[in-house]
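S.K.: Take a look at this one; I'll ask things after.
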Amino acid sequence: MIKPITQYPTQTGFEFGGTVRHFDASLEALITDMKDTIEVNSLEGLAAFQIGSPLNVIVIKHDGEFLEMMNPIIFTKNGELTPVENTAYYPGITAVTKRAKEIKISYDDRHGKQQFLTASDDLAVLIQRKTDYLLGSTFIARLNPKEKQIFENRLKGLSEADAKASCNISPHSDKVLSIIKYGFILGLIVLLGTFFETLIPYVKVFEHYLMLSIAVLIGIYFIISLNEGRHCGVCQLGNTVAIAVIKSVHLSGLYLLNYWFVL
């Protein structure tokens, strides 16, 4: 089945990249959906995140054949390339990155049997791009600070020339988003303390103040992001609101978990 492709500003994160443990019909259905979506959109490959699945799965189309990888791990990197990359997550935008020229990777096939692969050049770059998603990132993490700022300006709708000439303010809003992300992770880890009855009162107090802090940080992110947009002479209200709403939904999810386990 053809699936819609997830695009920016939907955020990647640690809630994706879940280990595949069940090699069953549901996994086969996911792989089929990924292949169908690759074919209809003439793509080189997809990570499961890109069609909304949290599983640690990538599918690559190489030399007319599909390469299915579950739980891929790159354990060796050699050499260096600086390819011009593009991805359906950032439609119509490219960037020059740094990648390993050759990689060695282990993965599970659709039957759960471990496989090994040595890939180089274009195939190595493509696999590295897709495994980025499984680590909660995209190729923007592979850019140097100056190129990253130009790329972010282009995301705001600036032309190539304006993006390079635009202001070079430090993207403090990104730092706030990172703090929020790790705040959610910390909140989930601390909830494990509810399995110990003596820790529940402390967990309750900690989670209360953590959720309050995250709510404040979301507000701070909103203000800082809009301020950065004004300094760069570009309106990014749409993207800022979308990201703030997504983080607010995540906060609501953390609250519900607290309601079930703590309150």
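The values are calculated or read from the model by the stated rules, or taken from the named source; none is laboratory data. Here the structure is a predicted model, which is why all the values come from computation and not from measurement. We place every Cβ from the backbone using ideal geometry, glycine too, and count neighbours over all the protein chains shown.
S.K.: Starting from residues that are surrounded by 14 or more Cβ atoms within 10 Å (Cβ to Cβ) and of a type in the set (S, T, N, Q), keep the ones in the stretch 17-67 and report whichever is nearest to LEU117 (Cα to Cα).
M.R.: Here the answer is ASN56.
S.K.: From (1) under 17 Å from the mean Cα position of the chain (by Cα); (2) outside the structural domain of GLN128 (by TED's automatic domain parsing), pick out the condition that doesn't hold for ASN86.
M.R.: Unmet for ASN86, out of (1) under 17 Å from the mean Cα position of the chain (by Cα); (2) outside the structural domain of GLN128 (by TED's automatic domain parsing): (2).
Residue-by-condition table, conditions (1) polar (S, T, N, Q); (2) more than 18 Å from the chain's Cα centre (by Cα):
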site	(1), (2)
GLY45	no, no
PRO54	no, no
PHE75	no, yes
THR97	yes, no
ILE105	no, yes
GLY112	no, yes
LEU134	no, no
SER137	yes, no
GLU147	no, yes
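S.K.: Being under 30 Å from THR194 (Cβ atoms) and crowded, with 18+ Cβ neighbours inside 10 Å is the filter; apply it to the stretch 218-243 and report the residue that is modelled with the lowest pLDDT. Even if it seems obvious, please write down each step before you answer.
M.R.: Restricting attention to the stretch 218-243, the residues satisfying the condition of being under 30 Å from THR194 (Cβ atoms) are 218-221, 243.
Checking the rest, the ones that are also crowded, with 18+ Cβ neighbours inside 10 Å come to 218, 221, 243.
Numbers: ILE218: 93, TYR221: 89, ILE243: 86.
Looking at residues that are under 30 Å from THR194 (Cβ atoms) and crowded, with 18+ Cβ neighbours inside 10 Å, I get ILE243.
S.K.: For the stretch 16-29, state whether one or more residues are in contact (Cβ under 8 Å) with a residue 24 or more places away in the chain and among the acidic types (Asp, Glu).
M.R.: yes
S.K.: Turning to a different aspect of this structure: Only one of ILE105, ILE60, ILE74 is aliphatic (A, V, I, L, M), in contact with a Leu (Cβ under 6 Å, 6 or more places away or on another chain) and more than 22 Å from THR37 (Cα to Cα); which? Spell out the reasoning first.
M.R.: On the way: ILE60 fails: more than 22 Å from THR37 (Cα to Cα); ILE74 fails: in contact with a Leu (Cβ under 6 Å, 6 or more places away or on another chain).
Answer to the selection: ILE105.
S.K.: Just to confirm my filter: which strands (runs of 3 or more DSSP E) fall fully inside the stretch 1-106 and include at least 3 residues that are over 26 Å from LYS148 (Cβ atoms) and either of a type in the set (D, E, K, R) or modelled with pLDDT of 95 or more (or both)?
M.R.: Working: elements: 45-47, 57-62, 65-78, 84-87, 90-96.
Output list reads 57-62, 65-78.
S.K.: Only one of GLY187, GLY193 is assigned by TED's automatic domain parsing to the domain that holds LEU254, crowded, with 19+ Cβ neighbours inside 10 Å and either part of a helix (DSSP H, G or I) or at pLDDT 85 or above (or both); which?
M.R.: Details: GLY193 fails: crowded, with 19+ Cβ neighbours inside 10 Å.
Result of the check over GLY187, GLY193: GLY187.
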